[in-house]
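Step one of this worksheet: look at the structure below.
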Amino acid sequence: MSASLATRRVLSAFLAAGALVGAAALPAAAADNHGRGHRGTQSSIVIGDVQYDSPGRNDRSARALNGEWVEVKNTGRHSVNLRGFTLTDRQGNRYQFRDFRLDGRSSVKVHTGQGRDTRHDVYQDRHQQVWDERDSATLRDNRGNVLDSDSWDGRRHHHRNG
């Protein structure tokens, strides 16, 4: 009977220790999830470089229009379909991605003018410049959630993730 009593005591101590470890881990996990909620969803799709107010003459030529662009980057490992994602400026000009798959760890430049879309360049098909010397770019997912934004005042960029 003493062996049985010893076994029960060991088992009881083992279960009690497991309950304590479990109870200690729960608040840490809850705090971790709570912190993530306040930061917002971290997306692998972000704004990269921006070439506003194209270099050279601003004459509305195809070259001038396509000389300004906003780069959208996928910093993750997996490809993402950008269908429905939007890129907007401060004045409300809006570009919406069609069915476009952005590979992991790659980028696409969204040009203002006209051209043939490729894996690395897409075109808004506009006839006048969008990105001014003092402007901003906001990237939203297909649900309207802000993923990233970037603003500039002619000299400095002010980048902010979602």
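The values are calculated or read from the model by the stated rules, or taken from the named source; none is laboratory data. Nothing here was measured: the structure is a model prediction, and the numbers come from that model. Neighbour counts are summed over all protein chains in view; Cβ atoms, including those assigned to glycine, are modelled from backbone coordinates with ideal geometry. Heads up: the accessible areas ignore ligands, DNA and RNA and are worked out on the full protein's heavy atoms, side chains in. Shrake-Rupley method; radii C 1.70, N 1.55, O 1.52, S 1.80 Å.
Tabulated data
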read-out: Sequence-distant residues sharing a close amide H with F100 (under 5 Å, placed H); value: L82, R83
read-out: Full-stretch length increase - T86, D125 - with 0.36 nm per residue and alpha-carbon distance subtracted; value: 12.6 nm
read-out: Separation in nanometres of the label points that stand 7 Å from Cα toward Cβ, at T75 and R94; value: 2.6
read-out: FRET efficiency, E133 to S44 (Cβ-Cβ, R0 30 Å, nearest 0.05); value: 0.50
read-out: For G48, distant residues with modelled amide H under 5 Å away; value: E71, V72, K73
read-out: Cβ-defined net charge surrounding T88, 9 Å radius [Lys, Arg +1; Asp, Glu -1]; value: +2
read-out: Surface share of carbon and sulfur [accessible, 1.4 angstrom probe, percent] for the stretch 47-118; value: 39
read-out: Förster-model FRET efficiency, 35 Å R0, N58 and N161, C-beta, rounded to 0.05; value: 0.70
read-out: Potential extension, S106-N142 segment - 0.36 nm per residue separation minus Cα distance; value: 11.0 nm
